[in-house]
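Read the structure below first, then the notes.
The values are calculated or read from the model by the stated rules, or taken from the named source; none is laboratory data. All figures in this text were calculated on a predicted structure; none of them were measured in a lab. Neighbour counts are summed over all protein chains in view; Cβ atoms, including those assigned to glycine, are modelled from backbone coordinates with ideal geometry. When the accessible area is computed, the model is the full protein with side chains, heavy atoms only, and any ligands, DNA or RNA have been set aside. Shrake-Rupley method; radii C 1.70, N 1.55, O 1.52, S 1.80 Å.
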Amino acid sequence: MSTPTTNNNRILENQSDDEDKVLDLTLRPKTWNQYIGQERIKKNLKIILTAAQKRKEVPEHLLFYGGSGLGKTTISRIFAKEMGANLHIATGPSIEKIGDLASILTNLSDGDILFLDECHRINRVCEEYLYPAMEEFKLNIILGKGPMARIMDMKLNRFTLIGATTRVALLSSPLRNRFGAIFQMDYYNNEELEKIIQNSAEILGIEIEPSAKKIIAQRARFTPRVVNRLLKRVRDWAQVEGEGVITEKIAKSALDFLEIDNLGLETGDRRVIETIIKKFNGGPVGVQSLAAASNEDKDAILDIYEPYLMQLGFIQRTPRGRIAEKSAYEHLGIKYTGTQNLL
Ligand code: ADP
């Protein structure tokens, strides 16, 4: 059996390599003003922050959900900075044992913020220990086993948990209910993406033409992380193939070379749509079958390809599976037969 295709093109991967991490750190906004877009969320957060400061209380626990690279970590960092709080960072999968959770929670000082990325992946048993910690700042550890078991009540310092997840549907409802405010991150429009490109280009010290900004923004899947990665690739191209300035021509040829089309679709996206159309007659098809038939990883389909294709209106998720829409046929130049509408 062949293994799912690994994405050689770095633009779309969820994981970032060291170079990306450095780029992320360099380009990451540090103030509300530098953080472009998400106006409603920013306004809400400022109110939560000011109210908590006035009451001299810790802010309520916050949950951010939405696709990778939409700015969940960045906004949490800004919130912590504005709050004047220490930020501790952990990820759901790294909390495997009660001891892991206990060591994180007991290390928090009064008013600290704990950012828990991928919070839907926390171990279920540990998650239950998190409930009293979130509600009453208490950790109830069970020492020993059987009749000799004792519960030790540990008092924790008051803290704010900020959870981030790309898959809110996988979050258990008891955990979700313990967040005081829940925010869905919006995709970014082209105008916002162009502002991000401009700011990033200034930080990277590269000149960019307005028309080139438009091209990059159009192909960036409405996502700041993708916009920055594209900018970096185009900058390399401008320095090697051009005069060091990102012109419209340079931006186009670099992105075409990377096989990123005018709507930001990459090879993997196209393979997913083509599979639905050609192998499943337009759908409906379940994600498992789609992953097997397209040779793509199921998580990549769920986390990377599908959200964007749905956003573009190219595929629709129905109770019976995914179906390809007419616009997807048109984009790929495949004759639309309309069969899926009969199903
Ligand atoms: P997430 O945590 O949702 O995966 P991040 O917060 O790590 O996303 O954002 C990825 C990168 O995208 C950041 O390093 C930053 O450079 C950029 N970015 C994200 N949101 C914004 C924004 N609103 N304005 C400007 N840049 C942003």
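With all protein chains in place and a 1.4 Å probe, the accessible surface of the chain carries 50 percent carbon and sulfur. Remark on Arg322: its backbone amide H falls under 5 Å from those of Val285, Gly286, a criterion applied only to residues 5 or more positions apart or on other chains, H modelled at 1.01 Å from N.
Counting Lys and Arg as +1 and Asp and Glu as -1, what is the net charge of the other residues whose Cβ lies under 15 Å from the Cβ of Met310? Counting the neighbours of Met310, the net charge comes to 0.
P(r) tail, the chain: Cα-Cα pairs separated by more than 31 Å, 44% of all pairs.
Electrostatic tally near Gly338: other residues with Cβ closer than 14 Å to its Cβ, Lys and Arg +1, Asp and Glu -1, net 0.
Here's how it looks for Met154: its modeled amide H is under 5 Å from those of Leu139, Asn140, Ile141, which are all 5 or more places away or on a different chain. Accessible area per residue for the stretch 53-196 is 50 Å², calculated with a 1.4 Å probe on protein heavy atoms, without ligands, DNA or RNA.
Working note: Karplus 6.51/-1.76/1.60 with θ = phi - 60° gives the stretch 282-291 the couplings x, x, x, 9, x, 5, 5, 5, 5, 4 Hz, where Gly and Pro are set to x. In sequence order, the stretch 203-217 has phi-based couplings of 5, 7, x, 10, 7, 9, 6, x, 5, 6, 4, 4, 4, 5, 4 Hz under the Karplus curve 6.51 cos²θ - 1.76 cosθ + 1.60, θ = phi - 60°, and Gly or Pro positions carry x. When the chain is treated as a GNM with alpha-carbon contacts under 10 Å, the residue of Gly321, Gly264, Gly283 showing the greatest mean-square fluctuation is Gly321.
Classification of the stretch 267-332 by its C-alpha gyration tensor yields a rounded form. The axis ratio a/c (a ≥ b ≥ c) stays under 1.5. Amide H to amide H distances under 5 Å link Thr91 with Asp117, where only residues 5 or more positions off or on other chains count and H is placed in the peptide plane. The phi torsions of the stretch 184-189, fed into the Karplus equation with coefficients 6.51, -1.76 and 1.60 and a -60° offset, translate into couplings of 8, 6, 7, 5, 9, 8 Hz, rounded to whole numbers, with Gly and Pro shown as x.
Scoring 104-112, 24-32, 157-165, 250-258 by mean Cβ neighbours within 10 Å over their residues and listing the highest first yields 157-165, 250-258, 104-112, 24-32. Within the listed set Arg121, Arg55, Arg233, the residue fluctuating most in the Gaussian network model of the chain (springs between alpha-carbon atoms under 10 angstrom) is Arg55.
Note on the chain: with a GNM built from Cα contacts shorter than 10 Å, the maximum mean-square fluctuation among Lys145, Lys298, Lys56 falls on Lys145. Ordering Tyr336, Leu27, Val58 by Cα displacement along the dipole of the chain toward the positive end leaves Val58 in first place; charges were set at the Cβ atoms of Lys, Arg (+1) and Asp, Glu (-1). A simple count of charges around Gly283, restricted to other residues whose Cβ falls under 9 Å of its Cβ and scoring Lys, Arg +1 and Asp, Glu -1, yields +2. Rounded to the nearest 20 debye, the dipole size of the stretch 79-156 about its Cα centre is 340 debye, using +1 on the Cβ of Lys and Arg and -1 on the Cβ of Asp and Glu. Solvent-accessible surface of the stretch 267-332, taken per residue with a 1.4 Å probe and all protein chains present: 43 Å². Set the Cα radius of gyration of the stretch 190-257 against 2.2 N^0.38 Å, with N its number of residues, and you get 0.93. With viscosity set to 1.306 mPa s at 10 °C, what whole-number translational diffusion coefficient in µm²/s follows for the stretch 38-184 from Stokes-Einstein and a Kirkwood radius over Cα pairs? Value of D from the Cα-based Kirkwood radius: 101 µm²/s. Each residue was assigned an accessible area with a 1.4 Å probe, and for Lys326 the value is about 100 Å².
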